[in-house]
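Down below is the structure, laid out as C-alpha cells.
The values are calculated or read from the model by the stated rules, or taken from the named source; none is laboratory data. In this text the structure is predicted, and so the values were computed from the model without any measurement. Heads up, the Cβs are rebuilt from the backbone with ideal geometry, glycines too, and the neighbour counts pull from every protein chain shown. In case anyone asks, the SASA skips ligands and DNA or RNA and just uses the protein heavy atoms, side chains included. Shrake-Rupley method; radii C 1.70, N 1.55, O 1.52, S 1.80 Å.
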Amino acid sequence: MKIIVVGCGKIGTTIIHNLVSEGHDVVALDYNAEIINDITNMYDVMGICGNATDYETLVEAGVKESGLFVAVTSHDELNMLSCRIAKKMGAGLTVARIRNPEYNGQSLDFMCDVLDISKSINPELLAAHEIFNILKFPSAVKVEYFSRGNFEMIELKLRDNSILDGMSLMDLRNKYKSKVLISAVQRDDKVVIPDGRFVLKSADRISITATPSEIQSFLNELGLLQKKARNIMILGGSKIAYYLSKMLLNEGNTVKIIEQKRERCLELCDALPNAVIINGDGAEQELLFEEGITELDAFVSLTGMDEENILISIFAASQNVPKVISKVNRTELAAMAEKLGLDTIVSPKDTTANIIVRYARAVENSLGSSVETLYKLMDGQAEALEFNVRNDFEHINIPFKDLEFKSNILIAGIIRGKESIIPGGNDYILPGDNVIVLASGHKLNDLSDIIK
C-alpha cells in the first residue's frame, strides 16, 4: 500500500522505519531538505521536500494513489489542514498527530468529523496511558489490554532466585491454580513461543496472558503482586507529565512534579491544582532527598533528554524506590538502559508507530477477520494481535487440534461475549470472537495467516 508520511522527526522516522519493514510503498515529506536527504539514505523511500499543504507538492507525492496519509509534524494545525487537503485530493484514510491538551474529548471528535480526519493520535497521551497502566500494576514492566480491558498481557522480568527458575511450563500449570498462559519468553536476545516442556530461568522476560483477575491471582500465588503506586514523583513537566498527573490525581494519588523552568511550573500549578509542583533541578540529589525520594512508591523520569532520564532513574532505583519508569526514545539507549537494570522503559515514538502499523494492516485486510489491536513485544521481536472474526472466516468451528499452525504462532486467548478463554486443543473459533495471537517472525494481516 502507498503511504505518505508528513513530518520526519523522531516519531515520523520511527513510523517510516516500521512501515518500510512491513513492505509498504512509503513517501516521506518534510520541509527540511537535510532531513529528507537523511531519510532517503537510510530507507528505500521516495523523499519530497516541500509544504504538506501545497497542492503541487501533494500531487508530486502521489496523494491520489495513497491508501493512507499520516501527518505527524510538530504543529497540530498543520497536521489537520494537510489531512483535510489530502482527503479532498483523493487520499484514502488520514491520520493526524494532535497533541494540544486543549483539543480533547468532544472538541477533538468534532474537529476530526468536520475535517474528515480518519484518526487522531496523541503520542504524549498514549505514553501517559501506558505509564498509568504500569503504575496500577507495578509488578509488570509492560501492560497491554485487549477487548477494552477484558483480557490482559503483562511482561515480567524474572529476578535472581525467582520461584519460577528451573520450572517447566507444564509443572507451572500443574502447581498453580490460576488460569494463565506464558505466551512468550525472551532469553538474552532470543524470543521463543514456548511449549509445555520449556523451562524458565532467572533473567527471562516473560509475557503472561489472562483475564485481569487471573493475572492478579497468579502473581499473588507467586508472592510477586505489588500494591498500586500511590505516592509518585515525576521528573520533568512535559505534556506527558501533565496527562499522567491528571490521570493519577483523578484516582486519588499523591503527585509531585519537579520542573526546572519557572514559567512551566506556573502553568502546571494552574492546570494541576492538586499536584505539588517543585521548581528545581531534579539532577541534584539533595533536592530529591528533600522531596522524599526514599518514601516514594514510584519515580517517573520524563525530561526531554534520554541520558538524563536514564541516569536519574538509576539513582532512584539505588534508593530502593519500588517502581522506576523512564522515558527513552532512542532505541540504542533503551537497550543500554535495560542492561543497566532499568527494566521499565516507555517510548512515545514506538507506541505511536505501533498504532500506525496496526491501522495500515487493518486498511489492507479484506479477508475473514480484522486487526483490532497490535502490540510489539520483547524489543519488537514478537507481536501480539487481536483479531475480530467475521462470518466469512474459513476455519470456523474447527478444533485447534485439527488445524496445523505455523511455527512460532500461539493462540493466547479467545474473548467470546463476556467469557474469556485460555484455549486448548478442543477449543475453536466462532464468528464474533476476538482472538489474541502471539507471533514471532511473522507478519499477520489476517487470522488465516496463522494456518499453514
- Message: The conditions are (1) open to solvent by 30 Å² or more (accessible area, probe 1.4 Å); (2) under 16 Å from Val357 (Cα atoms); (3) of a type in the set (Ser, Thr, Tyr), and Ser407 fails exactly one of them. Which is it?
- Response: (2)
- Please state which of the following conditions Glu364 fails to meet, knowing it meets all the rest: (1) modelled with pLDDT of 85 or more; (2) over 22 Å from Ile206 (Cα atoms); (3) not basic (Lys, Arg). (1)
- Test Asp54 against the stated conditions and say whether it is acidic (Asp, Glu), within 26 Å of Thr331 (Cα to Cα) and open to solvent by 20 Å² or more (accessible area, probe 1.4 Å). no
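Return yes when Val27 is open to solvent by less than 80 Å² (accessible area, probe 1.4 Å), touching a helix residue (DSSP H, G or I) at 6+ places or on another chain (Cβ under 7 Å) and closer than 15 Å to Gly90 by Cβ and no when it is not. Steps first, please.
Details: open to solvent by less than 80 Å² (accessible area, probe 1.4 Å): yes; touching a helix residue (DSSP H, G or I) at 6+ places or on another chain (Cβ under 7 Å): yes; closer than 15 Å to Gly90 by Cβ: yes.
The answer is yes for Val27.
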- Those helices (runs of 4 or more DSSP H) completely within segment 217-290 that have 3 or more residues that are within 20 Å of Val346 (Cβ to Cβ), of a type outside the set (A, V, I, L, M) and under 26 Å from the mean Cα position of the chain (by Cα) are 239-250
- Note on the structure: Here the residues within segment 112-121 that are open to solvent by 40 Å² or more (accessible area, probe 1.4 Å) and in a helix (DSSP H, G or I) are Asp113, Val114, Leu115
- Item | Residues of segment 29-72 satisfying the condition of being within 21 Å of Met1 (Cβ to Cβ), part of a helix (DSSP H, G or I) and among the charged types (D, E, K, R) | Glu60, Lys64, Glu65
- Query: When you go through (1) touching a Leu at 6+ places or on another chain (Cβ under 7 Å); (2) surrounded by 14 or more Cβ atoms within 10 Å (Cβ to Cβ) one by one for Leu296, which number turns out not to apply?
  - Reply: (1)
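Residues of segment 74-103 being among the polar types (S, T, N, Q) and touching an Asp or Glu at 6+ places or on another chain (Cβ under 8 Å), which ones?
Here is the first cut: in segment 74-103, the ones among the polar types (S, T, N, Q) are 74, 79, 82, 94, 100.
Passing the criteria: Thr94, Asn100.
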- Could you tell me whether Met89 is at pLDDT 95 or above, surrounded by 15 or more Cβ atoms within 10 Å (Cβ to Cβ) and farther than 25 Å from Asn354 by Cα? yes
- Query: Restricting attention to segment 122-141, does a residue exist that is surrounded by fewer than 21 Cβ atoms within 10 Å (Cβ to Cβ) and part of a strand (DSSP E or B)?
  - Reply: no
- Note on the structure: The condition of being among the polar types (S, T, N, Q), in contact with a Lys or Arg (Cβ under 9 Å, 6 or more places away or on another chain) and open to solvent by 20 Å² or more (accessible area, probe 1.4 Å) holds, among Ser66, Ser107, Ser74, only for Ser74
- Close pairs from segment 92-104: first among the hydroxyl-bearing types (Ser, Thr, Tyr) and modelled with pLDDT of 95 or more, partner open to solvent by less than 40 Å² (accessible area, probe 1.4 Å) and not in a loop (DSSP other than H, G, I, E, B), Cβ under 6 Å, at least 6 apart: Thr94/Phe69; Thr94/Cys83; Thr94/Ala86
- Task: For segment 153-171, name all the residues that are open to solvent by less than 10 Å² (accessible area, probe 1.4 Å) and either among the β-branched types (Val, Ile, Thr) or under 17 Å from Glu372 (Cα atoms) (or both).
- Result: Met153, Ile154
- Message: Between a residue in segment 235-252 that is modelled with pLDDT of 95 or more and among the basic types (Lys, Arg) and any residue that is open to solvent by 40 Å² or more (accessible area, probe 1.4 Å) and part of a helix (DSSP H, G or I), which pairs come within a Cβ distance under 9 Å, given they are 6 or more apart or on different chains?
- Response: Lys246/Ala271
